[in-house]
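I have placed the structure first, in the form of structure tokens, so that the comments after it can refer back to it.
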Amino acid sequence: MRRRELLGALTGAAAWPIVARAQQSTTLVVGLIRSTSRSPFENLVSAFQRGLNEAGFVEGQNVTIAYRYGDDQFDRLQMLIAELIRQPVAVIVANNASALVAMSKTTTVPIVFVTGGDPVRDGLVANINRPGGNVTGVVFFSSFLGPKRLELLRELVPPATTIAVLAQPALPNTEAELRAVEQAAEAIGRQLVVVRANNDRDIEGAFDIFKQRHTSVPVRFLIQDGNAWWR
């Protein structure tokens, strides 16, 4: 049925360990929820829509997407996910933090997560090869690249001895990623200046701290939502 086709399109899974609920309408409803705001990740929304189109699901025709964003207010996620379940939705597509909350709210609605962290460590699945239950997803393993990026930075900017790290503490995988980067920095003889920031005001203050501490790297090593990137 169309719901199984949708799940296969979202995850590439051959089958799900749950029985799809029959629906009266041919239009499926997909719940797309992120703990963040939408604007910084508009490219991900566009890619998601294109992927559905390629699988034969066109928004407004045979699929409806219910968008929900927590705007980095993590205490709102339970309410937003409850809204999606009541709607109801055929599947919930979520980032790491949202998926963890969704797991606590339903064991029947399929949950598809997208994460850069370790889904086993973060409690999303018991086993990568056999996730089990109503949860599956896509893992980019970007959190494991932190030490590699640090090594690359040393090669690009050899004189740099102090490196700024900006992290969002509310995310479930942040501390584990920080530990990995800190261990890598110690191994190569580099010092990290770590500042945890939850909002724009914190970020502004963080760069003041970086300036005071004379971080010698013109690019900052950032950790956000299970992903690391350069700015």
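Checking each residue in the range 85-114 for being outside any strand (DSSP E or B), of a type in the set (A, V, I, L, M, F, W, C) and under 24 Å from Glu177 (Cα atoms) picks out Ala97, Ala99, Leu100, Val101, Ala102, Met103.
When Asn96 is tested against the conditions (1) surrounded by 19 or more Cβ atoms within 10 Å (Cβ to Cβ); (2) touching a helix residue (DSSP H, G or I) at 6+ places or on another chain (Cβ under 7 Å), the lone failure is (2).
Here are Val63, Val135, Val89: which of them is within 19 Å of the chain's Cα centre (by Cα) and not aromatic (Phe, Trp, Tyr)? Criteria check complete, one pass: Val135. Of all residues in the range 17-37, those that are loosely packed, with under 11 Cβ neighbours inside 10 Å have Cβ atoms under 7 Å from Cβ atoms of residues that are at pLDDT below 65, 6 or more apart or on another chain, in Thr26/Arg2. Which condition from (1) outside any loop (DSSP other than H, G, I, E, B); (2) modelled with pLDDT under 85; (3) buried (at least 17 other Cβ atoms within 10 Å of the Cβ) is the one that Gly117 breaks? Gly117 satisfies all of (1) outside any loop (DSSP other than H, G, I, E, B); (2) modelled with pLDDT under 85; (3) buried (at least 17 other Cβ atoms within 10 Å of the Cβ) except (1).
Within the range 135-164, track down each residue that is of a type in the set (Val, Ile, Thr) and closer than 22 Å to Ala176 by Cβ. Scanning the range 135-164 gives Val135, Thr136, Val138, Val139, Ile163.
Considering only the range 192-227, state which residues are under 24 Å from Pro119 (Cα atoms), of a type in the set (A, V, I, L, M) and modelled with pLDDT under 50. Matches in the range 192-227: Leu222, Ile223.
For the range 126-146, the set of residues classified as touching a helix residue (DSSP H, G or I) at 6+ places or on another chain (Cβ under 9 Å) and without any contact (Cβ under 8 Å) to a residue 40 or more places away in the chain consists of Val135, Phe144, listed by residue number.
Inspect the range 41-61 for any residue being under 29 Å from Asn199 (Cβ atoms), in contact with an Asp or Glu (Cβ under 8 Å, 6 or more places away or on another chain) and not charged (D, E, K, R) and give the result as yes or no. The answer is yes, given that some residue of the range 41-61 is under 29 Å from Asn199 (Cβ atoms), in contact with an Asp or Glu (Cβ under 8 Å, 6 or more places away or on another chain) and not charged (D, E, K, R). Being part of a strand (DSSP E or B) and among the basic types (Lys, Arg) is a property that holds for Arg68.
The values are calculated or read from the model by the stated rules, or taken from the named source; none is laboratory data. Please read all numbers here as calculations on a predicted model, not as lab measurements. Using ideal geometry, Cβ is built from the backbone for each residue, glycine included, and neighbour counts are taken over all protein chains shown.
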